[in-house]
Each structure stands twice: as C-alpha cells, then as structure tokens.
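Presented below is the structure to which this report refers.
The values are calculated or read from the model by the stated rules, or taken from the named source; none is laboratory data. In this text the structure is predicted, and so the values were computed from the model without any measurement. Neighbour counts run over all protein chains shown; Cβ positions are idealised from the backbone, glycine included.
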Amino acid sequence: MKIAILNGSPRTGNTAAMVNAFAEGAKEAGHEVEILHVGRMKIAGCLACEYCHGKGEGTCIQKDDMVKVMPAYKEADMIVYASPIYYFDVTAQLAAAMQRVYAIGKPAKATKAALLLSSASPNPYGGAIATYKDMTAYLGLEDAGIFTIAGDAAACEDKLAEIRAFAKAL
Ligand SMILES: Cc1cc2nc3c(=O)[nH]c(=O)nc-3n(C[C@H](O)[C@H](O)[C@H](O)COP(=O)(O)O)c2cc1C
C-alpha cells in the first residue's frame, strides 16, 4: 500500500515520534510511506471561490504548499492524519490541509485512514477525533485506528510499540 502521513506538527517532537513509529512498522510490512510535514508548510485556508470546481478543474487557485500534498490525496491508498492537540483540535496547518481536499472532492484511491494525536494533558482529544471521524466517513475512508499519547511520547515506548505493531499489521 502507498501510505501518506500528514504530520500537522511544526516541531520534531511528540507527534514526530508517533509518526516515525508508524512509518517504521508500515515499512517493515513492505508499505511505501511518505511523510508530509504539513505543520511546516504554508497552506492557507480554502477561499470558497469555487475556481477548483469550475475553470480550475480540480486545481486550486492558491499556489501554496498544498501542491505538495495534493499528489498524496490522489495516489495514496491510506491517509494518516497526525497532529499535536492545539486548543482541543488538530493544528491549523493540518486543518487547512484536510479542508483543501475540497478541490478534488475526495481522495481518488484511498480506502483507509488512521489518526495519531499527541497532547500535554490526558484527554483533550474529543474535538479532533470527532472531526476525524466525520471527515473520514464523509470521504469514504475506513478508520483503521486512533492512537493518542499524552506527554513525552519518546518515553512511552509501550504506546510507540503499539503504533509500530498496528502499522506492521496493515
Ligand atoms: C498553541 C498550543 C496549544 C496547545 N493546546 C493544547 C491543549 O488544548 N491540550 C493539551 O493537552 N495540550 C495542548 N498543547 C500541547 C501540545 O499538544 C503537546 O505539547 C504536544 O505533544 C506537542 O506535540 P509536538 O511535540 O509534536 O509539537 C498545546 C500546545 C500549543 C503550542
């Protein structure tokens, strides 16, 4: 499978530890993994100009870093959304990347999704998980798994091992 991981964190920290654990497991199973660092990209919010659904024929009028993400939406068999929790939701960068799928409607090939969330406090995940579940249902993606780590992810070897094993079993 071709797996695209959209990492919404701007840092190399807890979310990256989860992403790397997932990528290691998936690669061990022979999957092709691409990590897109959307947290560090310049991706603006949708303008609702409808250029994409008219003259643009599936392309966005905004020529920003979303051009680096769009091929993954078109070619990946699985999309993994990863983010730190920022005020009870995914980061604004990841939210923008998720919403800009509007230009093509739905990912062309993807059938599965997963969610990796990191946070400082124990359970701020409700909003992010609700958005993810509604979004994946709307896009027709099967939720393969949701993983969360509160605090220092590098110190949670058991949880990282769980993520690695999950990805290896895909
Ligand atoms: C702007 C901002 C908002 C945050 N909001 C929350 C929050 O609502 N709940 C929480 O538990 N942690 C919150 N955090 C902490 C991060 O989610 C947490 O440190 C996370 O592990 C950081 O991931 P990273 O190492 O990939 O950057 C926030 C951090 C920042 C910078």
Checked against (1) surrounded by 19 or more Cβ atoms within 10 Å (Cβ to Cβ); (2) under 20 Å from ALA161 (Cα atoms); (3) near the ligand (Cβ under 8 Å from one of its atoms), GLY13 satisfies every condition except (1)
Residue hits (the stretch 135-151; within 16 Å of the ligand (Cβ to nearest atom) and not in a strand (DSSP E or B)) are GLY151
In the set THR59, THR15, the lone residue that is touching a strand residue (DSSP E or B) at 6+ places or on another chain (Cβ under 8 Å), modelled with pLDDT of 95 or more and of a type in the set (S, T, N, Q) is THR15
Reported set for the stretch 72-99 where residues are of a type in the set (S, T, N, Q) and surrounded by fewer than 24 Cβ atoms within 10 Å (Cβ to Cβ) is THR91, GLN93, GLN99
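Residues are listed down the side, and each one gets a yes or a no for (1) more than 16 Å from the ligand (Cβ to nearest atom); (2) over 22 Å from GLU24 (Cβ atoms):
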position: ALA92; (1), (2): no, yes
position: ALA96; (1), (2): no, yes
position: GLY105; (1), (2): yes, yes
position: ALA110; (1), (2): yes, no
position: ALA113; (1), (2): yes, no
position: ILE129; (1), (2): no, yes
position: LYS133; (1), (2): yes, yes
Filtering the stretch 144-168 down to residues that are touching a Gly at 6+ places or on another chain (Cβ under 8 Å) and hydrophobic (A, V, I, L, M, F, W, C) yields ALA153, ILE163, ALA165, PHE166, ALA167
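Residue-wise test of (1) among the β-branched types (Val, Ile, Thr); (2) within 13 Å of the ligand (Cβ to nearest atom); (3) touching a helix residue (DSSP H, G or I) at 6+ places or on another chain (Cβ under 8 Å).
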| position | (1), (2), (3) |
| --- | --- |
| ILE3 | yes, no, yes |
| ALA23 | no, no, yes |
| LYS27 | no, no, no |
| GLU32 | no, no, no |
| GLU50 | no, no, no |
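Condition check ((1) over 14 Å from the mean Cα position of the chain (by Cα); (2) farther than 23 Å from PHE166 by Cα; (3) modelled with pLDDT of 95 or more) across all residues:
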{"site": "CYS49", "(1), (2), (3)": "yes, yes, yes"}
{"site": "ASP64", "(1), (2), (3)": "yes, yes, yes"}
{"site": "ARG100", "(1), (2), (3)": "no, yes, yes"}
{"site": "LEU115", "(1), (2), (3)": "no, no, yes"}
{"site": "LEU141", "(1), (2), (3)": "no, no, yes"}
{"site": "ALA144", "(1), (2), (3)": "no, no, yes"}
{"site": "ALA153", "(1), (2), (3)": "yes, no, yes"}
Residue match in the stretch 45-65 (condition: loosely packed, with under 14 Cβ neighbours inside 10 Å and not in a loop (DSSP other than H, G, I, E, B)) = no
